[in-house]
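Visitor: Quick one: this structure, given as structure tokens, is what I'll be asking you about.
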Amino acid sequence: MPNSIAGFSSSINAEQTRSRQLFWFGASSLVVITSIYTLWNNYGPFESGLLILGMALGLCLFNASFGFTTAWRRLIKQQRGEGVRAQMLMLGLSVLLFFPVLANGELFGNPVSGFVRPLGFSVMFGALIFGFGMQLANGCASGNLYHSGGGQIRAIPAMAGFSVGALWATLDYEWWTNLPQLAPVNMIELWGLAPALIANLAVFFLIYQFTKRYELKAHSQLSEHQTSHASFGLQKLIQGPWPMLWGAVGVAVLNLVTLAVLGRPWAVALAYPVWGAKAAEALGIDLELDFTTYWMQPGRESALAEPLLTDPATLMNLGVILGAFVAATLAGKFSFQWKVPLSQWIGAIIGGLMLGYGATIAYGCNIGAFVGGVVSGSAHGWLWIFCAFTGSILGTKVRPLIGLN
């Protein structure tokens, strides 16, 4: 009799779980269809296409748990490097795709250019506090987007802090960019296509091998459960989880699609100053942003005046959230995590402020400055990652002081 009752109870729980999964999948589908239709109807197919492109990226990031914050923290604290190795594979494939296109200067007949920025104190300090902040906030620019799509409420204060910090940085932007700095270094132009490609691939290989040796020395065996044994199947493709390798390939290919569509690599942090500025405007706060150096840059001058839903970075960021929402509902993993400890709120807000300020003065986040810089052949991408990883080491050590694991 007890076994019958237990079986009946288990059947009811399973049915309730299936009902919740169907409800959330229906809700995510409705939101996606409505969003695409609204954009198409009010703005056009270009804006709808950018949202869909962002959704594809969000689905890749969520299903593969492909990110930077946890991967770096696992390497620092646990001597586990599978996440960093997946990043090296993504970068290796990306430079193979990007370098020839950027050397040619066009893709499908359209002009393209990479992110090639100066090397200076703004990059060094901005990346340092970004790396620190991402560990306090439990996510970077892209990470918090797909975490929020999966129902993690703690990502919301981090994104709000990011927007405020980014807006703050636009007011100081002229001061930072007037500090001593070296001219941009474009390795593709300086060395030529083949030498630049070989040099970058060699660095990726060395980092890949270093993390393997580092992990083997600490644990005697590698933890490759997410990066290898990638058995392909339709159910796994739809519901996940994906091996990190799949996420690496997806991000590299979709970044190339972004280059083809926008003429530049994928950038996440570009949207946050716009969000902060629009929020300040809605609250009636006049900061005279039109006269600041940041907003007078090419490509930024119209961002304040144009509708928010015409901003490419905003559309792709919203797409990442929606893509993660759909992926989470397909996998049956979507649920609002309402109970957020006070320590996580504090870490999210402070970390978010550091993320926004750091990304804005350092010409981008881990996606725009590091990935975007490296795949553009720009030396500032390597300077950024060195400083950001140093900041992550410091942030990882501070986490326990505010009650974070």
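Visitor: In whole Å, what is the distance between the alpha-carbon centres of the range 287-337 and the range 149-209?
Guide: So the two Cα centres are separated by 18 Å.
Visitor: So with the 1.4 Å probe, I'd like the accessible area per residue for the chain, rounded to whole Å². Walk me through the numbers before you get to the answer.
Guide: Values: 18400 Å² over 405 residues.
With all protein chains present, the chain gives 45 Å² per residue.
Visitor: Counting only complete DSSP H runs, which helices of the chain cover 24 Å or more along their long axis at the Cα atoms and score a mean Kyte-Doolittle of 0.0 or above?
Guide: Those that clear 24 Å and a mean of 0.0 are 2-42, 45-64, 82-104, 155-177, 193-219, 244-262, 312-330, 342-361, 379-398.
Visitor: At 222 nm, what value in deg cm²/dmol follows for the chain if DSSP H runs of at least 4 each add -39500 (n - 2.57) and the sum is divided by all its residues, to the nearest 500?
Guide: On the way: 16 runs with 270 residues, N = 405.
Taking each H run of at least 4 residues, the total per residue is -22500 deg cm²/dmol.
Visitor: Quick one: which of 86-93, 171-178 comes out on top by average Cβ neighbours within 10 Å, and what's the full order, highest first? Don't skip to the answer; put the middle values down first.
Guide: Numbers: 86-93: 22.9, 171-178: 15.4.
Highest-to-lowest ranking by the protection proxy: 86-93, 171-178.
Visitor: A further question on this structure: With the Cα gyration tensor of the range 270-314 giving a ≥ b ≥ c as the square roots of its eigenvalues, does the rule (a/c under 1.5 for rounded; else a/b larger than b/c for prolate; else oblate) give rounded, prolate or oblate? Show your work: numbers first, answer last.
Guide: Working: a/c = 1.88, a/b = 1.10, b/c = 1.71.
Oblate shape, in that a/c is at least 1.5 and b/c is the bigger or equal ratio.
Visitor: Something else now. For the chain, what does the relative contact order come out to in percent, with C-alpha contacts under 8 Å and a separation of six or more? Intermediate results must be reported in sequence, preceding the final value.
Guide: On the way: 720 pairs, mean separation 154.9, N = 405.
Normalised by residue count, the contact order of the chain is 38 percent.
Visitor: Would you grab the residues whose amide H sits under 5 Å from the one on Leu107? Only those 5+ places off in sequence or on another chain, please, with H modelled 1.01 Å from N.
Guide: Val112
Visitor: Another question, then. Whenever you get a sec, compute what percent of the accessible area on the chain sits on carbon and sulfur atoms (1.4 Å probe). Mind showing how you got there, number by number?
Guide: On the way: 12250 of 18400 Å².
C and S fraction of accessible area: 67 percent.
Visitor: Compute, for the range 252-405, the length of the dipole vector about the Cα centre, with Cβ point charges of +1 (Lys, Arg) and -1 (Asp, Glu) only. Units Debye, rounded to 20. Can you show the working numbers first?
Guide: On the way: 7 positive and 7 negative charges, 162 e Å.
Dipole size: approximately 780 debye.
Visitor: Using per-residue counts of other Cβ atoms within 10 Å, averaged over each peptide, order 206-215, 318-327 from highest down.
Guide: Details: 206-215: 15.7, 318-327: 25.9.
Final packing ranking: 318-327, 206-215.
Visitor: Among all the lysines, which ones have a C-alpha under 18 Å from Lys217's C-alpha, if same-chain residues fewer than 8 places away are not counted?
Guide: Lys217 reaches Lys77.
Visitor: Identify all aspartates and glutamates with a Cα-Cα distance to Lys397 below 18 Å; exclude those on the same chain that are fewer than 8 residues away in sequence.
Guide: none
Visitor: To the nearest 20 Debye, how big is the dipole of the chain about its Cα centre, given +1 on the beta carbon of each Lys and Arg and -1 on that of each Asp and Glu?
Guide: Details: 20 positive and 16 negative charges, 346 e Å.
Result for the chain is approximately 1660 debye, rounded to the nearest 20.
Visitor: How would you order 126-132, 24-30, 50-56, 259-265 from highest to lowest mean count of nearby Cβ atoms within 10 Å?
Guide: Numbers: 126-132: 28.0, 24-30: 15.4, 50-56: 23.0, 259-265: 18.6.
Peptide ranking by packing, descending: 126-132, 50-56, 259-265, 24-30.
Visitor: How large is the accessible surface of Ile285 in square angstrom, using a 1.4 angstrom probe and rounding to the nearest 10?
Guide: Using a 1.4 Å probe on the heavy atoms, I get roughly 90 Å².
Visitor: Give, in nm to one decimal, the length gained when the segment between Phe23 and Ser302 is fully stretched (0.36 nm per residue of separation minus the Cα-Cα distance).
Guide: Taking 0.36 nm per residue and subtracting the Cα distance, the gain is 96.4 nm.
Visitor: Could you tell me which of Ala369, Leu304, Ile385 has its Cα farthest along the dipole of the range 282-405 towards the positive end, charges placed at Cβ (Lys, Arg +1; Asp, Glu -1), taken about the Cα centre?
Guide: Farthest towards the positive end: Ile385.
Visitor: Does the range 259-405 classify as rounded, prolate or oblate by the C-alpha gyration tensor (a ≥ b ≥ c root eigenvalues; a/c under 1.5 gives rounded; else a/b over b/c gives prolate, otherwise oblate)? Please list the in-between numbers first.
Guide: Working: a/c = 1.34, a/b = 1.23, b/c = 1.09.
The shape class here is rounded.
Visitor: If the reach is capped at under 18 angstrom between alpha carbons, list the lysines near Lys236, excluding any in the same chain fewer than eight residues apart.
Guide: Output for Lys236: Lys333.
The values are calculated or read from the model by the stated rules, or taken from the named source; none is laboratory data. Here the structure is a predicted model, which is why all the values come from computation and not from measurement. Cβ coordinates were reconstructed from backbone atoms using ideal geometry, including for glycine residues, and neighbour counts include every protein chain displayed. Accessible surface is based on the protein model in full, side chains and every heavy atom, while ligands, DNA and RNA are left aside. Shrake-Rupley method; radii C 1.70, N 1.55, O 1.52, S 1.80 Å.
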